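To start, the structure under review is shown below, and the notes come after it.
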């Protein structure tokens, strides 16, 4: 479509907003004739003009943390009442990121989030680290 026909198409499309139904209908028919002469459809016109944006995918909310069991029947020797989530928070603030111990604590927290259970040795290591971090 040349610039002269495009200018005419824009002019008649502006006339489609007329409050007079006859004038608006005539403008639509004139615009349709221009499109037919150029073997175009309204779909061709609009697909080139309007960019349709998809909303960003929503992030899934993190799974809820499991309640911290305070007592473990499987470990009579190490049966200390402490909040595991609180221990992870305290230890996490005191560790140097990237250290092997920080990686170990991260793996414990991932296991806790996914399975809701730590072995007695893992609980003991977490408890000792939280004590050193000043959690209690």
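Details
- Residues being surrounded by fewer than 14 Cβ atoms within 10 Å (Cβ to Cβ) and under 27 Å from the mean Cα position of the chain (by Cα) - total across segment 90-136: 9
- Scanning segment 101-131 for residues that are assigned to a helix (DSSP H, G or I) and either touching a strand residue (DSSP E or B) at 6+ places or on another chain (Cβ under 8 Å) or touching a residue at least 40 places away in the same chain (Cβ under 8 Å) (or both) yields 112, 113, 120, 123, 124, 126, 127, 129, 130.
- Test: residue in segment 75-84 that is at pLDDT below 85 and assigned to a helix (DSSP H, G or I): yes
The values are calculated or read from the model by the stated rules, or taken from the named source; none is laboratory data. Given the structure is predicted, the values throughout are model-derived calculations rather than measurements. Quick reminder, even Gly has a Cβ in these numbers, built from the backbone with ideal geometry, and neighbours come from all protein chains shown.
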